[in-house]
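Here's the structure, in structure tokens; my notes come after.
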């Protein structure tokens with residue numbers, strides 16, 4: 001069995017086209033990288049989170065009072 005370091009070295013040695021194929025297949029290898037199912041799980045979780053709810057309520061209230069105090073977001077803000 002290869003170690004993570006050996007796997008990393010093997011990936012780095014691949015041609016760019018093969019790394020690109022691997023990149024697109026990673027969510028299948030690592031389901032935790034597939035964001036949508038993970039967000040669905042979080043959204044459907046019915047546990048109460050009073051501290052989080054309080055923070056979100058406060059932010060929503062502040063946005064209602066002063067929307068210009070929040071920075072405008074663009075697509076570029078979501079790129080790594």
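The values are calculated or read from the model by the stated rules, or taken from the named source; none is laboratory data. As the structure is a prediction and not an experimental result, all values here were calculated from the model. All Cβ positions, glycine included, derive from the backbone under ideal geometry; neighbour counts span all protein chains shown.
Residue selection: residue 77 fails the criterion of being surrounded by 10 or more Cβ atoms within 10 Å (Cβ to Cβ), over 30 Å from residue 7 (Cβ atoms) and either within 17 Å of the chain's Cα centre (by Cα) or modelled with pLDDT of 95 or more (or both).
Across the range 33-73, the number of residues qualifying as exposed (fewer than 10 other Cβ atoms within 10 Å of the Cβ) and under 30 Å from residue 22 (Cβ atoms) comes to 5.
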